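Here's the structure we're looking at; comments come further down.
What follows draws every value from the coordinates through simple rules; no lab data is involved. Just so it is clear, the model here is predicted, and its values are computed rather than measured. Cβ atoms come from the backbone with ideal geometry, glycine included; neighbour counts cover every protein chain shown.
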Amino acid sequence: MVMIGNYDIIKEFKSEALMISIEDKALSGLTFIDLFAGLGGFRLALESLGAKCVYSNEWDKPAQEVYNKNFNEIPEGDITKVDEKTIPDHDILCAGFPCQAFSISGKRMGFEDSRGTLFFDVARIVKEKMPKVVFMENVRNFASHDGGKTIKVVENTMEELGYDFNYKVLSAVDYDVPQKRERVYMVCFRKDLKVNDFEYPEPVGLKRHVEDLLLPDTDERIKPLYRERDDIQLKEDDGEYMNYSKRLGIVGKGGQGERIYSTKGIAITLSAYGGGFFAKTGGYLVNGKPRRLHPRECARMMGFPDTYKISDSMNQAYKQFGNSVVVDVLQYVAIEIGLALKSAGIVK
């Protein structure tokens, strides 16, 4: 078993400020469950802060295999068939549930209106187990989908179940992760705990860029990633560091997956399904030649340490990291959860 939560391992590619906070073990003594677990990004984040995972669930077989390689545990499958009474008691429920459209047929836009979506499975587990905290993540558009009605269903459902509901869109770039990736982070505290001091983490700024997370050019794994074509159009990189993705060229018509960026900026959003010449990662000009990112570089862009064992299938690895959560951002939010619980006297 790879002890990902160990300080000496997880400090790879982390900012100094985050490592100081991780040393404090803000969630020591707390337990959590990992729903829609994927590669275990939530687990990495919470274990690094001292919490203990007591249950995991993920239906995708290739993701289950990678999860097992890293945590010596095969997540239970198909959450829709899991009896919520069989899930262990826990303090924090974590869920990066898929974004689904809600059919708003009722008037309350609460628990009943969430039926038929995977969020309903989160809600029924919450109803049965009543954890102290519910910590969820979703794509940015979830916050604005259907004119805000979709997230209103989630808010009303959590209120109906006895929880205060907080949400905010956070950008990975603001937490020293050089990737254009915005997600909505939802944090819910059980009302009877009277947790009033929770705040989302303040931005820490960007000190790293794509080039800081690249494999060395001598690494044999990256040689097949360089691409050549007669219609590649490039311009010179001015060498200035940026907190955005600076395009240096295109191949073909410059459509999705046909754009080439500077390594002195940030990466475009990693995609699970994006196509094109530089599919799923975009192209980057490295030593004067364009290539796409290697899955290990994608792992670094998502906050996974080099000790994390990735899929043997490159296609699966690209898909999995494109669907994953950013570990660093989860860590920063989880630290604030721990501080709020401590302020309320829930943890020491």
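Figures for the structure shown
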read-out	value
Contact order relative to length of the chain, as percent, for alpha carbon pairs under 8 angstrom and 6 or more apart	18
Charge sum, other residues only, whose C-beta stays under 11 Å from Gly77's C-beta, Lys/Arg counted +1 and Asp/Glu -1	-2
Computed P(r) (all Cα pairs; the range 30-70; 5 Å bins; percent)	6, 27, 33, 22, 9, 2
Derived scalar couplings ³J(HN,Hα) [the range 275-283; Karplus, 6.51 cos²θ - 1.76 cosθ + 1.60; whole Hz; x for Gly, Pro]	x, x, 4, 10, 3, 6, 10, x, x
Dimensionless Rg over Rh [the chain; C-alpha; Kirkwood]	0.98
Net charge of neighbours whose Cβ lies under 13 Å from the Cβ of Ser343, counting Lys and Arg as +1 and Asp and Glu as -1	0
Share of alpha-carbon pairs per 10 Å distance bin for the range 136-186, given as whole %	25, 47, 21, 6
Distance violations [Cα-Cα > 27 Å] among Lys235/Lys280; Lys81/Lys348; Lys223/Lys264; Lys132/Lys168; Lys253/Lys289; Lys81/Lys168	Lys81/Lys348; Lys81/Lys168
The range 126-277 - Kirkwood radius from inverse mean 1/r over Cα pairs (Å)	18.8
Beta bridges by DSSP in the chain, antiparallel share as percent, to the nearest 5	60
Residue list for the range 307-338, given a label point 7 angstrom along the Cα-to-Cβ vector of Ala272 and an amide N cut-off under 15 Å	315-326
With eigenvalues of the C-alpha gyration tensor scaled by 5 and rooted, the range 209-333, Å	23, 16, 14
Added length on full extension, which subtracts the Cα-Cα distance from 0.36 nm per residue, Arg140 to Glu211	22.9 nm
Stretch gain in nm, segment Tyr244-Asn196, where the contour uses 0.36 nm per residue and the Cα spacing is subtracted	13.8 nm
The range 188-290 - percent relative contact order, Cα under 8 Å, separation 6 or more	22
Per-residue [θ]222 nm for the chain (sum of -39500 (n - 2.57) over DSSP H runs n ≥ 4, rounded to 500)	-7000 deg cm²/dmol
Label zone at Lys129, where the point sits 7 Å out along the Cα-to-Cβ direction: the range 192-214 residues whose backbone N lies under 19 Å	192-193
Highest-MSF residue in the chain out of Gln256, Gln64, Gln320 [GNM, Cα springs under 10 Å]	Gln256
